[in-house]
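Asker: Here you go, one structure.
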Amino acid sequence: MQGSERVVNVVNPESIKAEAVDLGGKLGGLTLNKQIISLAMWPLLQNVLSVLVGLADRVIAGHVSSAGDLAAVIDMMGLMMYMGWLMMIMQGSVATGAQALVSRAFGARDYQLAERAVGQSVFLGLVTGAFAGLLLWLLAPMLGDYFGLNVAAKEYFLAFIQILVFSAPMSGVVFVLSACLRGAGDTWSPFNAMVVVNVVNAICSYVFAVYLGMGVEGIALGTVVGWAFGLAMLFWKIYPRETKQSLLVLRRKWLHFQRDICLRIIRVGVPQLIEILGMWSVHAYGLRMIALIGDKDSGLIGSHGLAVQIESISFMPGFAIGTAAATLAGQYLGAGSKELAQQAVRKCWRVALVVMSIMGAAIYFTADLLVQVMSPGGGPQADTAVSLVMIVAFAQPFFATTMIMKMSMRGSGATGIVMFYSFATMLTFRVGLLTLLVHNYGADLKMIWYVFTLDILIQATVFTWVHYRGKWMNKEV
């Protein structure tokens with residue numbers, strides 16, 4: 001019977017190792033761990049620097065304000081975070097499309113396609129940046145009223161906005177060029193550019209606001225000058241030179257409008273534009289709810305803004321690791337390996353869970369100190385912010401999961417999937433549940449933050465399921 005017996009080997013699919021793939025660009029020849037480290041390290045340091053500059057802007061704003069105007073300035077700075085986010089929404093959508101296309105091109109070693117994507121990204125970044133600045137300038141007076149700023153805070157807000165909008169076209173190009181370089185595996189150059197942006201910003205803001213006595217307008221002008229220097233540095237980096245071979249170059253022949261490349265970038269970017277614009281609108285609605293539960297002099301928007309800025313500290317490692325996940329997912333899918341794309345994302349997820357959980361513990365035990373540093377002499381606004389930071393600390397594992405899963409899907413081009421599920425959860429909790437609690441149950445600021453945290457928990461669960469389902473890897477770019 002031995003000759004007629006049939007031997008069947010049962011193999012667990014999870015035990016099958018993916019075939020090795022050598023990526024293009026700076027990631028070639030590196031192990032997965034080294035790829036993650038090389039991609040995440042510089043974005044992490046970049047975020048640290050950005051937070052420090054945000055802190056410097058707050059300290060300078062407090063320094064140039066009188067004691068009576070301090071609460072108004074804190075409210076203005078809290079709202080400006082949302083306005084800066086609004087200005088960058090369209091720029092970010094182009095950047096996402098550009099990064100997805102460049103990373104796929106490098107994975108497939110199609111370097112001419114990558115150069116064409118860079119040229120069209122500069123064109124689109126300039127156009128969308130200018131449009132975003134114009135739109136914000138037109139909407140500023142209405143937004144000040146919508147968010148319930150008092151007279152003093154609104155005057156500061158409008159003065160700041162009227163100068164800041166001039167940075168929009170420059171920041172738009174900086175964002176897309178940085179995204180293209182990250183897609184190619186170069187996170188060092190975007191880091192250097194943002195170092196220049198932030199250092200020049202901090203120095204010029206102090207000189208203009210304090211030394212020259214321009215007040216909050218000086219802080220805005222310092223921001224504009226910072227973006228100009230960062231843009232100049234990136235153009236120098238990608239300028240084609242015979243003496244030095246760059247990873248990516250900007251060639252004049254690819255700057256004219258190319259319908260096919262623009263459509264590929266826009267096809268990926270538009271769902272993100274809709275998602276992030278919708279996300280901003282939902283967050284703005286939450287800010288409006290916060291304004292409704294207090295009067296114009298309550299300072300709740302300032303407290304909320306302080307807590308959000310401290311919350312952004314915890315996002316630093318998550319964003320950095322998410323950048324690595326986005327680039328690796330795109331490049332491995334471009335190289336034709338879904339298995340390695342999935343493996344890379346899951347390793348990034350595990351690292352982010354550990355690191356951000358540690359960050360959560362650190363924030364919990366230093367909440368009071370962090371708020372005092374962010375807003376020395378902040379009074380009741382600062383006390384309220386401390387209680388909000390405590391809530392943030394416990395949400396870190398969910399933030400980590402949401403960031404890695406969403407950023408990796410965007411990096412692979414699956415922005416439509418991210419848009420759909422993000423809207424579903426945010427509209428349910430940050431609009432539906434929040435409206436019910438504010439209008440029918442007298443929710444306070446802490447209750448509103450509990451709703452925000454619940455939304456993140458649900459998003460983490462949903463996007464984990466979407467990741468394991470695997471359909472996000474089928475998106476063509």
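The values are calculated or read from the model by the stated rules, or taken from the named source; none is laboratory data. All of these numbers come straight from a predicted model, not from anything done at the bench. Positions of Cβ are generated from backbone atoms using ideal geometry, with glycine treated the same way; all protein chains shown enter the neighbour counts.
Asker: Which of the helices (runs of 4 or more DSSP H) contained wholly in segment 382-477 include at least 1 residues that are in contact with an Asp or Glu (Cβ under 8 Å, 6 or more places away or on another chain)?
Answerer: Values: elements: 396-411, 415-426, 434-441, 445-469.
Helices (runs of 4 or more DSSP H) meeting the threshold: 415-426.
Asker: Take the residues in segment 284-303 that are modelled with pLDDT of 80 or more and not hydrophobic (A, V, I, L, M, F, W, C), then tell me which one is farthest from the chain's Cα centre (by Cα).
Answerer: Filtering first and then ranking leaves 288.
Asker: Closer than 30 Å to residue 74 by Cα, in contact (Cβ under 8 Å) with a residue 40 or more places away in the chain and aliphatic (A, V, I, L, M) - does that describe any residue in segment 316-334? I'd like the intermediate steps shown before the answer.
Answerer: Filtering segment 316-334 down to residues closer than 30 Å to residue 74 by Cα leaves 316-320.
Next cut, in contact (Cβ under 8 Å) with a residue 40 or more places away in the chain only: 316-320.
So of that shortlist, the ones also aliphatic (A, V, I, L, M) come out as 316, 320.
Scanning segment 316-334 turns up at least one residue that is closer than 30 Å to residue 74 by Cα, in contact (Cβ under 8 Å) with a residue 40 or more places away in the chain and aliphatic (A, V, I, L, M).
Asker: Now for a different question. Regarding segment 404-414, can at least one residue be identified that is modelled with pLDDT of 85 or more and farther than 30 Å from residue 269 by Cα?
Answerer: Checked against the condition, which is being modelled with pLDDT of 85 or more and farther than 30 Å from residue 269 by Cα, segment 404-414 yields no hits at all.
Asker: Next question, about the same structure. I'd like the full set of residues that are touching a residue at least 40 places away in the same chain (Cβ under 8 Å) and farther than 25 Å from residue 302 by Cβ, limited to segment 136-167.
Answerer: 166
Asker: Please verify whether segment 428-436 includes one or more residues that are in contact (Cβ under 8 Å) with a residue 60 or more places away in the chain and of a type in the set (D, E, K, R). Let's see the steps before the verdict.
Answerer: So in segment 428-436, the residues in contact (Cβ under 8 Å) with a residue 60 or more places away in the chain come out as 430-431, 434-435.
Filter again for of a type in the set (D, E, K, R), leaving 430.
Within segment 428-436 (the criterion being in contact (Cβ under 8 Å) with a residue 60 or more places away in the chain and of a type in the set (D, E, K, R)), the answer is yes, since at least one residue qualifies.
Asker: Oh, and also: Would a scan of segment 92-105 turn up a residue that is surrounded by fewer than 17 Cβ atoms within 10 Å (Cβ to Cβ) and either in contact with a helix residue (DSSP H, G or I) (Cβ under 7 Å, 6 or more places away or on another chain) or modelled with pLDDT of 80 or more (or both)?
Answerer: The initial filter retains those residues of segment 92-105 that are surrounded by fewer than 17 Cβ atoms within 10 Å (Cβ to Cβ), namely none.
No, there is no match, as no residue in segment 92-105 is surrounded by fewer than 17 Cβ atoms within 10 Å (Cβ to Cβ) and either in contact with a helix residue (DSSP H, G or I) (Cβ under 7 Å, 6 or more places away or on another chain) or modelled with pLDDT of 80 or more (or both).
Here is a yes/no grid of residues against (1) modelled with pLDDT under 90; (2) crowded, with 22+ Cβ neighbours inside 10 Å; (3) within 29 Å of residue 94 (Cβ to Cβ); (4) aromatic (Phe, Trp, Tyr):
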site: 174; (1), (2), (3), (4): no, yes, yes, no
site: 179; (1), (2), (3), (4): yes, yes, yes, no
site: 188; (1), (2), (3), (4): yes, no, yes, yes
site: 196; (1), (2), (3), (4): no, no, yes, no
site: 204; (1), (2), (3), (4): no, no, yes, no
site: 209; (1), (2), (3), (4): yes, yes, no, no
site: 213; (1), (2), (3), (4): yes, no, no, no
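Asker: Hey, another quick one. Of the residues that sit in segment 415-438 and are in contact with a Pro (Cβ under 9 Å, 6 or more places away or on another chain) and surrounded by 17 or more Cβ atoms within 10 Å (Cβ to Cβ), which one is nearest to residue 180 (Cα to Cα)? Quick ask: steps written out before the conclusion?
Answerer: Keep residues of segment 415-438 that are in contact with a Pro (Cβ under 9 Å, 6 or more places away or on another chain), which gives 415-420.
Retained after the next criterion (residues that are surrounded by 17 or more Cβ atoms within 10 Å (Cβ to Cβ)): 415-419.
Details: 415: 17, 416: 20, 417: 22, 418: 21, 419: 22 Å.
Among those that are in contact with a Pro (Cβ under 9 Å, 6 or more places away or on another chain) and surrounded by 17 or more Cβ atoms within 10 Å (Cβ to Cβ), it is 415.
Asker: Filter segment 113-134 down to the residues that are in contact with a Leu (Cβ under 8 Å, 6 or more places away or on another chain) and aliphatic (A, V, I, L, M), then identify the one that is surrounded by the most Cβ atoms within 10 Å (Cβ to Cβ).
Answerer: Here the residue is 117.
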